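Beneath this line is the structure, given in structure tokens, with notes to follow.
The values are calculated or read from the model by the stated rules, or taken from the named source; none is laboratory data. As the structure is a prediction and not an experimental result, all values here were calculated from the model. Ideal geometry is used to build each Cβ from the backbone, glycine not excepted, and the neighbour counts take in all protein chains shown.
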Amino acid sequence: MAFALLFLGMMLILGAACFGSTRSKLSALIPASSLGVLLFVGLVDLSPVRPALRAVKEIRPGMTEIEVRAVVARHFPPTGRFRQPSTGPTSDGVMYYVLDPSGGRYNASLIHVRFRNGKCESAEFQPD
């Protein structure tokens with residue numbers, strides 16, 4: 001966030017300098033386009049990592065396996081932009097979601113959920 005604000009501030013200063021020297025309204029395009037780029041990058045998920053991180057934040061200790069699966073499914077809908085992560089049955093109290101097993105880019109990125117006595121104990125994202 002700090003980088004985004006610094007970048008936007010620099011673009012505003014650059015736009016003001018351009019406007020001061022040319023008095024052209026086109027110089028307003030510099031900060032406006034920078035703001036557009038920042039909004040696009042901040043609001044659009046460009047990879048399955050962001051939805052995975054949101055899912056991990058939403059998973060709480062004490063949730064059942066069904067509740068955890070529902071959280072992940074909500075962040076990776078069947079008709080969504082990214083494939084649904086693959087998972088197998090819970091074994092030894094651990095369940096893994098592989099973000100994209102068919103693609104090479106995110107096939108090692110995991111959502112790791114640990115259960116004890118049928119309840120979620122912890123959830124974490126493990127990047128590639």
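Values computed for the structure shown
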quantity	calculated
Region 74-95, subset at pLDDT 85 or above and over 18 Å from the mean Cα position of the chain (by Cα), residue surrounded by the fewest Cβ atoms within 10 Å (Cβ to Cβ)	D92
Selection within region 63-82 - under 19 Å from V49 (Cβ atoms) and out of contact with any Asp or Glu (no Cβ under 6 Å at 6 or more places or on another chain)	V68, V72, A73, R74, H75, F76, P77, G80, R81, F82
